[in-house]
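These notes concern the structure reproduced below.
The values are calculated or read from the model by the stated rules, or taken from the named source; none is laboratory data. Small disclaimer: the values here were computed from a predicted structure and weren't measured. So basically every Cβ, Gly included, is an ideal-geometry build from the backbone, and we count neighbours across all protein chains shown. Just the protein is used for accessible areas: all its heavy atoms, side chains included, with ligands, DNA and RNA removed. Shrake-Rupley method; radii C 1.70, N 1.55, O 1.52, S 1.80 Å.
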Amino acid sequence: MATPTVLLVHGVRTSATMWRRQVEALTSVGVPVLAPDMPGHGTRTRTPYTLAGALDTIDAAAAGVQGPLVVVGMSMGGYLAVHWAAHTTHRPDAVLAASCSTQPRGPGLWAYRHVARAVGRMPDGGARLSDALARRFLPVAAQDDVAGGGMALGVMDAVLAGMAGVDMLADLEALDGMPVWLVNGRWDHFRTQERRFVRRCGNGRLVIIPRATHLVSLVQPVAFTRVVLELVEHVRAPARAA
């Protein structure tokens, strides 16, 4: 089997530049990489975010891949990766979904949207708050990677509204037989249902990265990239054995 292409799906309010470390590491060992900007983010800030538009973006990127495909997403990107894989005609060979092991439903989602709207009503749209949080929780290099594509300050409520229509448990069940790796930082507040999630996978694996928070690929880029490469090798191995 040819080396799988890795399709990276970024998190909310960031852009493809958040994957700089992974892109550099993967390409250095000959793994093809795609990292598109979702609607409303990065180079596409003028395109309104919709769930359908985000799924179309992933679909368009996947349609151009010749050979095996591994889709990797973090946070919003993880939810999108699983939801897309469960419904697309361009079925990937494996999914890595990071920092998204909580069902986006009910009071928790409502409260998150309420906070997002309050932040969005700040005079600067929450820019200073975002900068302060990045300085507090991210290494300097990761701050630069996140800032590289700009921060999409007004997109949160639209993203969260779209998440209300995503049933991760049903989507994971629909991927029966596909390798699905759930990757979470040890201190991630979005891992509350990870055991339940992995039980819904027909071929699932749970990976916990030590000393990592919700932004696992940014806080522990080397450890996270190792997991991605392990999944790439996992996809290639059966074909070589045959």
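Using a probe of 1.4 angstrom and keeping all protein chains present, the accessible surface of the chain works out to 45 square angstrom per residue.
For residue 46 and residue 195, FRET efficiency with R0 = 45 Å and r from the beta-carbon atoms, rounded to 0.05? Step by step, r from the Cβ atoms, then E = 0.65. Sorting 137, 190, 197 by accessible area puts them as 137, 190, 197; the probe is 1.4 Å, largest comes first, and only protein heavy atoms count. Just the protein heavy atoms count here, and of the accessible area of the chain at 1.4 Å, carbon and sulfur take up 55 percent. The heavy atoms of residue 189 present about 120 square angstrom of accessible area, all protein chains included, probe 1.4 Å. Across segment 135-142, computed HN-Hα scalar couplings (Karplus, 6.51 cos²θ - 1.76 cosθ + 1.60, θ = phi - 60°) run 5, 7, 10, 10, x, 4, 4, 5 Hz from first to last residue, x flagging Gly and Pro. Between residue 59 and residue 157, the contour length at 0.36 nm per residue exceeds the Cα-Cα span by 33.0 nm.
Taking the centroid of alpha carbons for each part, segment 197-212 and segment 42-83 are 21 Å apart. Geometric descriptor of the chain, per residue, is 115 Å³ (volume of the convex hull of the Cα atoms).
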